[in-house]
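Asks: There's a structure below that I have some questions on.
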Amino acid sequence: MKSKSKKDQGKDRSHIEIRRDWCKGCGICVAFCPKKVLALDENEKAIIERPDECDQCGLCELRCPDIAIEITTL
Amino acid sequence: MAVRDYIRERFMPHIWCAGCGHGIVMNNLIRAIEVLGLKKNDIVMVSGIGCSARISGYLDFHTLHTLHGRALAFATGVKLGRPDLHIIVPMGDGDATAIGGNHFIHAARRNIDITAVIMNNHIYGMTGGQYSPLSVYGRMATTAPFGNIDQAFDIVGLAQSAGASFVARTTSYHATSMIKIFQKAITHKGFSVVEVLSQCPTYYGRKNRLGDAVEMMEFFKKNTTPLGSAAKEKNPDLIERGIFVQEDRPEYCAEYKKIIKKAMGEQ
Ligand code: SF4
Ligand code: SF4
Ligand code: SF4
């Protein structure tokens with residue numbers, strides 16, 4: 001399956017890091033993630049809830065007003 | 001260079017409210033600069049006063065945080081002294097269209113090689129939500145409790161008729177195209193104006209019941225359309241985004257250099 005192999009590839013090659021001390025819990029990354037990877041925890045900080053679904057589109061990183069998200073391609 | 005290398009991390013987290021569009025503009029401005037591969041020492045960021053103007057404090061370039069409305073005047077001085085540097089001026093409603101309105105039209109008229117990034121959030125955020133020359137007719141503000149009766153400036157039209165040789169509009173929702181527009185604006189030789197529709201959830205959003213930052217960005221997504229799209233013909237209320245003007249015209253520093261040469265020759 002094409003999509004699955006792409007997903008597996010993504011799993012190996014990307015890493016999402018969220019700086020909790022910079023995140024203000026605006027929810028922008030959560031709302032606009034096309035794959036619904038992210039969520040807000042009980043402290044209103046963004047967390048990576050479904051890392052396997054991430055397709056590395058990078059939109060969360062670009063739209064975070066607090067530059068709290070960093071996606072590194074390993 | 002990693003994006004965070006452009007930030008003065010000691011000042012983070014920044015002062016802007018949760019979800020403020022200005023943070024997204026700063027984020028994508030850095031990314032455009034990173035793609036262009038510009039060195040930190042080749043950039044001068046000059047700002048005035050307002051929430052938007054805070055950008056200059058957070059970025060690790062040569063930075064000047066100047067007087068309200070006068071950022072373009074300072075920037076003009078810097079550019080004439082060091083035409084080799086890239087000058088970027090982040091501005092808000094006031095710096096660009098109220099107290100700084102005259103500097104804005106004249107910088108555009110001279111076509112000096114400066115990139116003006118205007119974060120249009122339709123309100124004065126820092127001072128408590130007063131209406132600005134960019135507030136939409138009928139909207140609420142602390143100083144317009146019954147609705148604003150002023151008409152808003154159209155920044156794109158204003159910049160264009162004042163003579164800017166690069167004029168574009170984007171929104172905080174459209175991150176990838178914002179980065180591309182910033183790249184073009186920074187490399188353009190002449191006065192470049194990029195209007196970014198940006199959300200102030202704290203004042204404009206709250207006063208007008210527009211929802212939180214996410215809902216305000218949804219609005220930008222639904223109510224804007226690429227320049228020249230068929231959608232605009234069907235719905236004239238849509239706000240167009242894209243590059244409106246991109247022309248080669250005599251640039252002020254280059255013209256000034258010619259004058260210096262002439263004067264020297266005639267000595
Ligand atoms: S967009 Fe940034 S600040 Fe907002 S919730 Fe996500 S990580 Fe936090
Ligand atoms: S990179 Fe794209 S898919 Fe992955 S978490 Fe961010 S927005 Fe979602
Ligand atoms: S007051 Fe408005 S413009 Fe200023 S930081 Fe808060 S949300 Fe942003």
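Asks: Given Cβ point charges of +1 (Lys, Arg) and -1 (Asp, Glu) and nothing else, what value in debye, to the nearest 20, does the dipole of the range B:3-263 about its Cα centre take?
Replies: About 440 debye.
Asks: Take the alpha carbon atoms of chain B, find their radius of gyration, then divide it by 2.2 N^0.38 Å using N residues; give the quotient.
Replies: 0.99
Asks: Given DSSP loops and a limit of at most 15 other Cβ atoms within 10 Å, what is the longest stretch of chain B that contains no such trypsin sites (Lys or Arg not before Pro)?
Replies: So the longest stretch without any such site is B:40-188.
Asks: Please go through the range B:165-258 and write out the GluC sites (Glu not before Pro) that DSSP classes as loop and that have at most 15 other C-beta atoms within 10 Å.
Replies: Loop-located and lightly packed - B:E247.
Asks: Here's something else I'd like to know. What residues qualify as long-range amide H neighbours of B:R241, i.e. H under 5 Å apart, gap of 5 or more or another chain, H built at 1.01 Å from N?
Replies: For B:R241, whose amide H was placed from the backbone, the distant partners under 5 Å are B:T225, B:L227.
Asks: Another one. When only Cα pairs under 8 Å and 6 or more residues apart are kept, what is the percent relative contact order across the range B:17-109?
Replies: Normalised by residue count, the contact order of the range B:17-109 is 28 percent.
Asks: Something else now. Could you calculate the FRET efficiency of B:I259 with B:N102 from 1/(1 + (r/R0)^6), where r is the beta carbon distance between them and R0 is 25 Å, rounded to 0.05?
Replies: Efficiency at R0 = 25 Å is approximately 0.60.
Asks: What distance in nm separates the two pseudo spin-label positions at A:E53 and A:T72, each 7 Å out from Cα along the beta-carbon direction?
Replies: With each label placed 7 Å out from Cα toward Cβ, I get 2.6 nm.
Asks: OK, next. Among bridges DSSP assigns within the protein assembly as shown, what percent are antiparallel (round to 5)?
Replies: Of the beta bridges lying entirely in the protein assembly as shown, close to 35 percent run antiparallel.
Asks: Report the charge-dipole magnitude of the range B:1-158 in Debye, nearest 20, computed about the Cα centre from +1 at each Lys and Arg Cβ and -1 at each Asp and Glu Cβ.
Replies: Value, rounded to 20: 220 debye.
Asks: Next question. With the Cα gyration tensor of the range B:188-267 giving a ≥ b ≥ c as the square roots of its eigenvalues, does the rule (a/c under 1.5 for rounded; else a/b larger than b/c for prolate; else oblate) give rounded, prolate or oblate?
Replies: Note, shape of the range B:188-267 comes out oblate.
Asks: Evaluate the protein assembly as shown: find the radius of gyration of its Cα atoms, find its Kirkwood radius, and give the ratio Rg to Rh.
Replies: We get a ratio of 0.99 for the protein assembly as shown.
Asks: Contour minus end-to-end for B:R8 and B:D84, with contour as 0.36 nm per residue of separation and end-to-end as the Cα-Cα distance?
Replies: 25.0 nm
Asks: A follow-up question, please. Which residue, B:P250, B:P133, B:P236, tops the fluctuation ranking in a GNM of chain B built on C-alpha contacts under 10 Å?
Replies: Comparing B:P250, B:P133, B:P236 in the GNM, the peak value goes to B:P236.
Asks: Here is a further query. Could you give me the ³J(HN,Hα) list for the range B:142-152, computed from phi with Karplus coefficients 6.51, -1.76, 1.60 and θ = phi - 60°, whole Hz, x at Gly and Pro?
Replies: Computed from phi, the couplings for the range B:142-152 are 4, 9, 9, x, 10, x, 7, 9, 7, 8, 7 Hz.
Asks: Separate question: Which value in deg cm²/dmol, rounded to the nearest 500, describes the helix-derived mean residue ellipticity at 222 nm for chain B, given -39,500 (n - 2.57) per DSSP H run of n ≥ 4 and division by the residue count?
Replies: Taking each H run of at least 4 residues, the total per residue is -10500 deg cm²/dmol.
Asks: Taking every DSSP beta bridge that has both residues in chain B, what percent is antiparallel when rounded to the nearest 5?
Replies: Counting DSSP beta bridges with both partners in chain B, the antiparallel share is about 20 percent.
Asks: Do any chymotrypsin sites (Phe, Trp or Tyr not before Pro) in the range B:122-174 lie in a loop, going by DSSP, with at most 11 other beta-carbon atoms within 10 Å of their beta carbon, and if so which?
Replies: Answer in residue order: B:Y137, B:F146.
Asks: Separate question: Would you list, by chain and number, the aspartates and glutamates whose Cα falls below 20 Å from the Cα of B:K221, excluding same-chain residues fewer than 8 positions away?
Replies: A:E61, B:D154, B:E195, B:D212, B:E233, B:D237, B:E240
Asks: Looking at the square roots a ≥ b ≥ c of the eigenvalues of the Cα gyration tensor of the range B:170-234, which shape do they give, rounded for a/c under 1.5, prolate if a/b is larger than b/c, or oblate?
Replies: It comes out oblate by the Cα gyration axes.
Asks: How far, in nm, would the chain grow between B:L67 and B:T143 when pulled straight, counting 0.36 nm per residue and subtracting the alpha carbon separation?
Replies: 25.0 nm is the gain from fully extending B:L67 to B:T143.
Asks: Say the cut-off is 30 Å between C-alpha atoms; which of B:K40/B:K257; B:K180/B:K258; B:K79/B:K232; B:K79/B:K184 go over it?
Replies: Table pairs above 30 Å Cα-Cα are B:K180/B:K258; B:K79/B:K232.
Asks: Please list the non-local residues whose amide H lies under 5 Å from the amide H of B:L197, H modeled 1.01 Å from N, same-chain partners needing a gap of 5 or more.
Replies: B:N120, B:T170, B:T171, B:S172
Asks: With charges only on Cβ, +1 for K and R and -1 for D and E, what is the dipole size of the range A:18-73 about its Cα centre, in debye, rounded to 20?
Replies: Computed about the Cα centre, the dipole is about 120 debye.
Asks: Now a separate question. Run the Debye formula on the Cα coordinates of the range B:1-50, all scatterers equal and no solvent, and tell me log10 I(q)/I(0) at q = 0.13, 0.15, 0.26, 0.30 1/Å.
Replies: Taken in order of the listed q values, log10 I(q)/I(0) reads -0.34, -0.46, -1.25, -1.36.
Asks: Convex hull volume of the Cα atoms in the range B:118-246, per residue, in Å³?
Replies: 114 Å³
A short reminder: the numbers here are calculations on the coordinates, not readings from a lab. Just so you know, these numbers come straight off a predicted model, no measurement behind them. Methodologically, a virtual Cβ is constructed for each residue, glycine included, from the backbone with ideal geometry; neighbour enumeration extends over all protein chains shown.
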